[in-house]
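What follows is a single structure, written as structure tokens, with notes after it.
The values are calculated or read from the model by the stated rules, or taken from the named source; none is laboratory data. All of these numbers come straight from a predicted model, not from anything done at the bench. Positions of Cβ are backbone-derived with ideal geometry, glycine not excepted, and every protein chain shown enters the neighbour counts. Protein only, heavy atoms only, side chains kept; ligands, DNA and RNA dropped before computing areas. Shrake-Rupley method; radii C 1.70, N 1.55, O 1.52, S 1.80 Å.
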Amino acid sequence: MSFPWAKEYKPAIGLTQWLDEKLPLPRFVYNAVGAGYPVPRNLNYMWNFGVLAGFCLMLQIITGVILAMHYAPNALVAFDSTEHIMRDVNWGWMMRYAHANGASAFFVVVYLHIFRGFFYSSYKAPREMIWLLGVVIFLLMMATAFMGYVLPWGQMSFWGAKVITGLFGAIPVVGEPLQIWLLGGFAPDNAALNRFFSLHFLLPFVIAGVIILHIWALHIPGSSNPTGVEVKAESDTVPFHPYYTAKDGFGLGVFLLIYCAILFFAPNALGHPDNYIPANPLSTPAHIVPEWYFWPFYAILRAFTYDFFFIPAKLMGVLAMFGSILVWFFLPWLDTSPVRSGHYRPLFRKFFWFGLIPTMAILFYCGGAPAEEPFVMLSQLASLYYFAHFLIILPLVSSIEKPEPLPFSITEAVLGKDESAVLNANPTAA
């Protein structure tokens with residue numbers, strides 16, 4: 001959004017003046033992430049995770065391209081080529097660990113970014129398109145991460161591919177032919193490995209393209225903020241640079257400290273030891289489990305254990321797993337409260353902190369646990385609440401809740417009563 005008080009880009013020397021006339025790239029950067037982009041003055045550190053997600057994507061693309069130079073997508077040598085990268089390629093071990101742990105870091109910051117959106121209702125008008133594109137990015141991330149996990153061709157890679165692609169077989173009539181078409185055969189092998197490698201290499205660039213649309217959509221209404229009150233005057237904003245570039249820089253420094261600590265001191269902590277065993281189609285692991293960032297959705301998949309009339313349990317699990325993410329597309333219309341921020345919605349806040357967050361924690365835990373009691377029952381109860389929260393509780397709360405009084409402006413929420421904002425909003429008050 002271009003506010004009337006936004007600073008204008010003024011090239012200082014002849015070269016930048018010529019470049020601004022022929023290819024106004026500096027002007028674009030200045031207006032997108034520089035002093036020419038005014039943002040609300042009260043953004044907290046929960047607004048750092050969008051920038052961190054972008055950094056993680058760049059990290060994944062750079063390390064992924066380097067790894068692809070040495071990887072061989074062939075079922076006979078894929079595992080050995082991964083070991084070659086780890087043992088023989090200069091700094092190959094670091095590239096692989098940076099890429100594997102970078103995927104986990106990417107999902108951590110994206111989950112925090114999403115749940116910040118849940119609490120502050122960032123999906124509400126006029127920012128629906130930002131939210132919808134964000135959900136598309138998350139789905140693309142999940143597809144990319146799944147295919148990347150298959151590439152080392154260890155035991156968990158192979159059997160994870162077998163289980164996840166087997167979900168398509170649950171679709172009536174077309175399921176089994178679709179599964180064979182995706183794999184290029186009846187089980188994961190050379191054809192599937194080549195397809196997954198090609199798509200795993202391509203999709204990050206697709207994600208980058210959708211992120212550009214995501215940021216473009218963000219700049220139309222402007223950033224949301226912790227109060228949920230729209231910008232009313234110049235006093236409500238500060239230039240993005242240097243205020244938020246400095247804040248994001250500090251957040252990036254903290255992120256890198258944690259990331260490097262894991263990378264250099266516990267690089268395998270988030271992986272599975274079975275993936276250091278070459279893939280063996282004749283030996284099924286005792287407990288097949290995906291990477292940790294898929295656990296809540298895997299728990300929902302496994303929560304369905306009995307057929308419902310003519311609907312098989314497997315099909316209901318697949319539909320519920322995909323539905324658990326697709327329901328996010330409808331949040332802008334399920335939540336009808338006129339107030340955005342959870343800080344001013346007492347009932348919504350209770351259901352968020354004592355309902356949704358514990359439910360997600362239970363699903364995370366059960367997704368990584370064996371498919372036995374009491375974990376199956378806990379998954380069923382948590383899955384029931386998960387869908388009830390979005391489809392029943394959220395619409396009901398938004399219609400019956402009495403929100404707390406909102407501040408008139410962002411400045412009032414930060415500094416107290418803001419006379420200039422009142423006068424700008426209502427000139428006759430003077």
Count of the range 148-173 residues which are open to solvent by 30 Å² or more (accessible area, probe 1.4 Å) and on the phi > 0 side of the Ramachandran plot: 1
Only listed residue being of a type in the set (S, T, Y) and either open to solvent by 20 Å² or more (accessible area, probe 1.4 Å) or not in a helix (DSSP H, G or I) (or both), chosen from S337, S324: S337
Residues of the range 271-285 satisfying the condition of being assigned to a loop (DSSP other than H, G, I, E, B) and in contact with a helix residue (DSSP H, G or I) (Cβ under 9 Å, 6 or more places away or on another chain): G271, H272, I277, A279, N280, P281, S283, T284, P285
Candidates I207, I212 - the one that is open to solvent by 20 Å² or more (accessible area, probe 1.4 Å), part of a helix (DSSP H, G or I) and either at pLDDT below 95 or on the phi < 0 side of the Ramachandran plot (or both): I212
All positions within the range 1-26 that are out of contact with any strand residue (DSSP E or B) (no Cβ under 9 Å at 6 or more places or on another chain), surrounded by 14 or more Cβ atoms within 10 Å (Cβ to Cβ) and part of a loop (DSSP other than H, G, I, E, B): Y9, P11, P24
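Conditions (1) closer than 26 Å to V254 by Cα; (2) assigned to a helix (DSSP H, G or I); (3) among the basic types (K, R), marked per residue:
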residue	(1), (2), (3)
G50	yes, yes, no
A53	yes, yes, no
M58	yes, yes, no
S81	no, yes, no
V89	no, no, no
V109	yes, yes, no
F115	yes, yes, no
K124	no, no, yes
G148	no, yes, no
Hits in the range 1-34 - residues which are of a type in the set (A, V, I, L, M, F, W, C) and within 30 Å of Y259 (Cα to Cα): V29, A32, V33
Test set (1) open to solvent by 50 Å² or more (accessible area, probe 1.4 Å); (2) in a helix (DSSP H, G or I) - L394 fails condition number: (1)
Some residue of the range 252-271 being assigned by TED's automatic domain parsing to the domain that holds P403 and exposed (fewer than 12 other Cβ atoms within 10 Å of the Cβ): no
Pair list, Cβ < 6 Å and 6+ apart or interchain, from the range 328-345 residues that are of a type in the set (A, V, I, L, M) to residues that are open to solvent by 40 Å² or more (accessible area, probe 1.4 Å): V339/P403
Residue list for the range 37-64, filter: exposed (fewer than 14 other Cβ atoms within 10 Å of the Cβ) and either outside the structural domain of L257 (by TED's automatic domain parsing) or in contact (Cβ under 8 Å) with a residue 12 or more places away in the chain (or both): N44, Y45
Top-ranked residue of the range 347-391 - restricted to ones that are free of Cβ contacts under 8 Å to residues at least 60 places away in the same chain and not in a helix (DSSP H, G or I), ranked as surrounded by the most Cβ atoms within 10 Å (Cβ to Cβ): A369
Yes/no for I362 being among the β-branched types (V, I, T) and within 30 Å of V229 (Cβ to Cβ): no
Residues (over 28 Å from G54 (Cα atoms) and open to solvent by less than 40 Å² (accessible area, probe 1.4 Å)) located in the range 188-204: P188, A191, A192
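To keep it simple, each residue is scored yes or no on (1) in a loop (DSSP other than H, G, I, E, B); (2) under 24 Å from A98 (Cα atoms).
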position	(1), (2)
D248	no, yes
I262	no, yes
P290	yes, yes
F294	no, yes
F297	no, no
L319	no, no
